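Everything on this sheet refers to the single structure shown next.
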Amino acid sequence: AQSVAQPEDQVNVAEGNPLTVKCTYSVSGNPYLFWYVQYPNRGLQFLLKYITGDNLVKGSYGFEAEFNKSQTSFHLKKPSALVSDSALYFCAVREYNFNKFYFGSGTKLNVKP
Amino acid sequence: GAVVSQHPSRVICKSGTSVKIECRSLDFQATTMFWYRQFPKQSLMLMATSNEGSKATYEQGVEKDKFLINHASLTLSTLTVTSAHPEDSSFYICSARVDRDTTYEQYFGPGTRLTVT
């Protein structure tokens, strides 16, 4: 069965500091991995994805993520956090042959000035 | 491009009534759309896959007679919550895949907040 785990309910970081939001996955076959951000009472906005190729993926708003097959992880990172990055972040996995997305439990990112 | 809209954004209804939520792909065709439910401070749970011109595929544990899905055109899917109860109060989000798209992405609507009183 496919699943995604986000071990941290909340991540706190000071503005200007680097941030990491963790994600691990379990899926049969090759994973398609995604990160989405959600602001209050809004839908999900796409940040980045890993399908194949380079393990380091760059996405929107300065975010990047590193695919690590041996550790089955896909952590989201940003070198310098902004207060406006404060939101709820979801990691998701899509199985190769199917359209369904499976989401992690979400991590609330708090960036303090 | 690839914009998905939902209507209404918020709805309050009385217990026992039915509510219809629309999901539209504004600038692309979507044979397949998805309906998710999100409880406060929780993740998105896939409820069903909506297929244009055929019956929806429901996830295990989702009552298909309670959550009626109709995908009547390539740009519109509707979710009807029948005989709503307070426990149906939730945030409902739809998403869509672009037909013949190879990016593997889904595009999400802004969500509908349903409150059943």
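Quick note: the coordinates plus some simple rules give every number you see, no bench work behind them. These numbers were taken from a predicted model, which means no experiment stands behind them. With ideal geometry, Cβ positions are generated from the backbone for all residues, glycine too; neighbour counts draw on all protein chains shown.
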Note to self: How large is the direction-averaged shadow of the alpha-carbon convex hull of chain B, in nm²?
What the structure shows: 7.0 nm²
Checklist line | Normalised alpha carbon radius of gyration of the protein assembly as shown [divisor 2.2 N^0.38 Å] | finding: 1.02
Item checked: Inter-centroid distance (Cα atoms) of segment B:80-117 relative to segment B:38-76, Å -> 8 Å
Notebook entry, point to check: Distance in nm between label sites at residue A:20 and residue B:70, each 7 Å beyond Cα in the beta-carbon direction?
Noted result: 5.1 nm
Item checked: Straight-distance crosslink candidates among lysines, where the alpha carbon sits under 23 Å from residue B:64 and sequence neighbours closer than 8 are dropped -> A:100, B:14, B:20, B:55
Checklist line | Karplus-derived HN-Hα couplings along segment B:52-57 (A = 6.51, B = -1.76, C = 1.60, θ = phi - 60°), whole Hz, x at Gly and Pro | finding: 4, x, 9, 6, 6, 9
Check: In whole Å and largest first, what semi-axes does the C-alpha gyration tensor of chain A yield when each eigenvalue is scaled by 5 and square-rooted?
Finding: 23, 15, 12
Check: In nm, to one decimal, how far is the residue A:83 label point from the residue A:9 one, both placed 7 Å along Cα→Cβ?
Finding: 2.6 nm
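Please report, in whole Å³, the volume per residue of the convex hull around the C-alpha atoms of segment B:73-117.
Details: hull volume 3.6 nm³, N = 45.
Dividing the Cα hull volume of segment B:73-117 by its residues yields 80 Å³.
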Item checked: Centre separation in Å (Cα based) which lies between segment A:1-53 and segment B:3-31 -> 26 Å
